[in-house]
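Novice: Right, I'll just put the structure down here and ask away after.
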Amino acid sequence: MTLPGGADDRAESPGDDPSVDAREIADAVERLTNLWALAAQEAPVRLSPHQLRALRALETTPTVNLTGLAARMDIGVPTASRLCDRLEAAGMLERALHPHNRRELQLRLTGQGRRVLRDVARRRVQALAGVLTTMAPAERSALIRGLKAFFSTQCEASFQPPRAP
């Protein structure tokens, strides 16, 4: 795989096919996803990627209700409800009455849920650091610059996935 800033950088030319780069990046993302998932599975409390996403969504939106969580995760409300049932049974989240609307329940992380998220985050950082320590400092810097440029461009562009022929 070719990374920006590496010894095998290609000169940019108008004839370069971005789909070649996209395939290489897709391969890198697949490997990173595997590293990410394996690190999470080494935690004492093993949660599915869906459960971890739900906990993370609750962490970033502390007063969300079931409908809001389903929307954030792009899943149906019944699926979100079952997911929350499992997380509540495991002591990771609690349901509480909304202070201004008695018909609505808010979902909140428990202390246990926060501890699990911190542990998974720590394990993921350790797994990434283990790989990054084998890279030269210039390669790490190039990777970070490339990722920042990608995210900046992604945020600025109104990306529409290409349609299949």
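The values are calculated or read from the model by the stated rules, or taken from the named source; none is laboratory data. All figures in this text were calculated on a predicted structure; none of them were measured in a lab. Don't worry about glycine lacking a Cβ; one is built from the backbone with ideal geometry, like all the others, and counts go over all protein chains shown. Note: accessible area is taken over every heavy atom of the protein model, side chains too, but ligands, DNA and RNA are not part of it. Shrake-Rupley method; radii C 1.70, N 1.55, O 1.52, S 1.80 Å.
Novice: Does residue 134 fit the bill of being hydroxyl-bearing (Ser, Thr, Tyr), surrounded by fewer than 16 Cβ atoms within 10 Å (Cβ to Cβ) and not in a helix (DSSP H, G or I)?
Specialist: It is true that residue 134 is hydroxyl-bearing (Ser, Thr, Tyr), surrounded by fewer than 16 Cβ atoms within 10 Å (Cβ to Cβ) and not in a helix (DSSP H, G or I).
Novice: I've got another one for you. For the stretch 23-116, which fully contained helices (runs of 4 or more DSSP H) count at least 3 residues that are among the small types (Gly, Ala, Ser)?
Specialist: 66-73, 77-89
Novice: Just to be sure I understand the filter: pairs with C-beta atoms under 7 Å, separated by 6 or more residues or on different chains, first member in the stretch 44-55 and within 13 Å of residue 115 (Cα to Cα), second member in a helix (DSSP H, G or I) and modelled with pLDDT under 90. Which pairs pass?
Specialist: These pairs meet every condition: 52/40.
Novice: What are the pairs, 6+ residues apart or on separate chains, where a residue within the stretch 22-38 that is under 23 Å from residue 119 (Cβ atoms) has its Cβ under 7 Å from a residue that is open to solvent by 100 Å² or more (accessible area, probe 1.4 Å)?
Specialist: Here the result reads none, with nothing in the stretch 22-38 linked to a residue that is open to solvent by 100 Å² or more (accessible area, probe 1.4 Å).
Novice: Does residue 124 qualify as being surrounded by 11 or more Cβ atoms within 10 Å (Cβ to Cβ), under 26 Å from residue 29 (Cα atoms) and not aliphatic (A, V, I, L, M)?
Specialist: yes
Novice: Since residue 56 meets every condition but one in (1) over 28 Å from residue 150 (Cβ atoms); (2) in contact with a Leu (Cβ under 7 Å, 6 or more places away or on another chain); (3) open to solvent by 70 Å² or more (accessible area, probe 1.4 Å), which condition does it not meet?
Specialist: Result: residue 56 fails condition (1) only.
Novice: Hey, another quick one. Counting only residues that are of a type outside the set (S, T, N, Q) and open to solvent by less than 40 Å² (accessible area, probe 1.4 Å), how many does the stretch 71-97 have?
Specialist: 11
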